[in-house]
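Heads up, the thing below is written out as structure tokens.
Rule-based calculations on the coordinates, nothing more; no lab input. Since this is a predicted model, take the numbers as computed values, not measurements. Methodologically, a virtual Cβ is constructed for each residue, glycine included, from the backbone with ideal geometry; neighbour enumeration extends over all protein chains shown.
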Amino acid sequence: MSAIDGSKILLGVTGGVSAYKSCYLVSHLIRENCQVEVIMTDSAQKFVGESSFSALTGKKVHTDIFNAPEGVHALHIYLSDWADVIVVAPATANTLAKLSFGLADNLLTATVLASRCPVLLAPAMNANMWNNTIVQENIAKLKGAGFSFVGPGAGRLACGTEGSGRMAEPEEIFNAIEQLLQNR
């Protein structure tokens with residue numbers, strides 16, 4: 001039995017073209033007997049539909065901090081307490097900045113900020129954004145606060161340019177989750 005077998009993984013999906021890769025990650029996690037819950041930001045829903053993640057997990061996708069299931073008073077607290085690991089893939093520059101400054105203006109950021117479990121961030125953005133001094137300062141701040149990172153990789157980006165900013169591949173993210181669970 002692997003360290004990941006039966007684990008509770010909360011996946012946060014933010015608004016980036018690479019959001020489709022998160023569907024492959026969920027599929028892999030489900031095959032490995034993980035329990036998976038998904039939070040999607042409003043922007044993420046512009047790239048991949050809720051129904052894709054719902055079909056893969058067999059569960060309703062969480063999108064609204066005020067839409068808690070019956071018997072749950074504070075959805076962000078419930079989800080943060082439930083998770084063994086929180087993964088944000090893709091983690092956009094916007095979401096990294098919000099987390100870096102402690103902004104909890106949506107279900108995902110509120111849940112991450114309320115969590116006590118390991119948090120793994122898989123950045124994805126244009127190379128110019130990735131290399132921006134402010135983004136790098138936010139990443140350094142998050143690393144200093146104990147957040148883990150996987151990627152990004154380099155290569156051809158969705159905008160047509162080459163450089164760093166490609167979200168890590170689902171297999172790489174899966175391996176990073178497994179490492180986090182083994183080291184807790």
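A Gaussian network model of the chain, with springs between Cα atoms under 10 Å, assigns the largest mean-square fluctuation among GLY16, GLY144, GLY153 to GLY144. A crude spin-label estimate for the pair ASN128 and LYS143, with each label 7 Å from Cα along the Cβ direction, gives 2.5 nm. Approximating the spin labels as points 7 Å out from Cα along Cα→Cβ, the SER43-to-GLN179 distance works out to 2.6 nm. Distance between the C-alpha centers of the range 137-162 and the range 15-70? Whole Å please. Spelled out, the Cα-based centre of one part sits 21 Å from the other. The count of lysine pairs in the range 8-182 whose Cα atoms are under 29 Å apart, excluding pairs fewer than 8 places apart on the same chain, comes to 22. Approximating the spin labels as points 7 Å out from Cα along Cα→Cβ, the ASN67-to-PHE101 distance works out to 2.7 nm. Ranked for footprinting exposure by Cβ neighbours inside 10 Å, fewest first, ILE30, ILE39 give ILE30, ILE39. Exposure proxy shown here: for TRP130, TRP82, the number of other Cβ atoms within 10 Å sets the order, fewest to most, as TRP82, TRP130.
Using the eigenvalues of the Cα gyration tensor, what equivalent ellipsoid semi-axes result for the chain when each is taken as the square root of five times the eigenvalue, whole Å, largest first? Walk me through the numbers before you get to the answer.
On the way: eigenvalues 109, 66, 57 Å².
Listed largest to smallest, the semi-axes of the chain are 23, 18, 17 Å.
Taking a virtual spin label 7 Å from the Cα of GLN35 along the C-beta vector, which residues in the range 104-124 bring their backbone nitrogen under 17 Å of it? Backbone N within reach: 116-118.
With runs of 4+ DSSP H residues as the only contributors, calculate the mean residue ellipticity of the chain at 222 nm using -39,500 (n - 2.57) per run, divided by the residue total and rounded to the nearest 500.
-11500 deg cm²/dmol
What does the charge count around TRP82 come to, taking other residues whose C-beta lies under 9 Å from its C-beta (Lys +1, Arg +1, Asp -1, Glu -1)?
Working: positive: LYS8; negative: GLU37, ASP81, ASP84.
Surrounding charge for TRP82 is -2.
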